[in-house]
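Report on one structure; see the data block that follows.
What follows is calculated from the coordinates using simple rules that are stated; it is not laboratory data. The structure presented is a predicted model; accordingly, all values stated were derived computationally and were not measured. Heads up, the Cβs are rebuilt from the backbone with ideal geometry, glycines too, and the neighbour counts pull from every protein chain shown.
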Amino acid sequence: MDIPRLHKENIQKTYKCAILTISTSRYEKYGKIDRPERAEDASGKLIWGMVQVQGGDVVFYELIPDNIELIKDAFKRGLYSDAEVIISSGGTGLSPSDVTIEAVMPYFEKEMPGFGELFRFKSIEQIGNSAMLTRAAAGVSRQKPVFCLPGSPNAVKLALELILPEMGHILKHVKDQ
């Protein structure tokens, strides 16, 4: 007996996305900009392109330094924009300047631990046991999925290959009331 995959029926095919790139070195060099290619932001450009290929529309992009208050402010602007999904890159490591997780996690109403677990599991194939050094995380805030990715383009690509095919399904769940 073939059981239909009902959880994938009637899912949203298009969505609006906010992208936040956290990078002090790029911010110091380029300042506040609205497009990733203007800051040689390979990860931001990759997110933008992959989101568009999968049916998303980028409605918000911001480059910010590794500063907890500035990250919080940018995150709040993304939350109150018309974006339905927020994806950040950078600031998820273990160095003292990596504060993205500390800035964003207080806003999570629900955590999505499965994303971080799956991302680290898949990362082992690419970088070995160093996968344990990332604090990539996801959660839900104001009925919007939020993904905090490492800054490396390879990590971003891997994460988006996990996230984007499920985006309609994720949106369906976070918007159910």
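In table form, for the structure just shown:
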quantity: Protection-proxy order for peptides 129-141, 83-95, each taking the mean of Cβ atoms within 10 Å per residue, highest first; calculated: 83-95, 129-141
quantity: Amide H within-cut-off set for GLN12, under 5 Å, with H built and near neighbours excluded; calculated: LYS172
quantity: Dimensionless Rg/Rh of the chain - Kirkwood Rh, Rg from C-alpha atoms; calculated: 0.96
quantity: Mean Cβ count within 10 Å, highest first, over the residues of peptides 28-39, 164-175; calculated: 164-175, 28-39
quantity: Long-range HN-HN contacts of GLU84 with modeled amide H, under 5 Å; calculated: LYS16, CYS17, ALA18
quantity: For LEU149, residues with placed amide H under 5 Å, excluding near neighbours; calculated: SER88, SER89, GLY90
quantity: Rel. contact order, % - alpha carbon contacts under 8 angstrom, at least six apart, region 1-154; calculated: 25
quantity: Antiparallel bridge percentage (DSSP; both residues within the chain; nearest 5); calculated: 30
quantity: Pairs from LYS72/LYS110; LYS76/LYS157; LYS29/LYS76; LYS32/LYS175 whose Cα-Cα separation, in the structure shown, is over 21 Å; calculated: LYS76/LYS157; LYS29/LYS76; LYS32/LYS175
quantity: Residue-wise HN-Hα coupling along region 146-156, computed from phi with Karplus coefficients 6.51, -1.76, 1.60 (Hz; x: Gly, Pro); calculated: 10, 10, 10, 9, x, x, 5, x, 5, 5, 4
quantity: Helix-only CD estimate at 222 nm, as mean residue ellipticity for the chain, using -39500 (n - 2.57) per DSSP H run (n ≥ 4); calculated: -12000 deg cm²/dmol
quantity: Centre separation in Å (Cα based) which lies between region 121-177 and region 62-86; calculated: 17
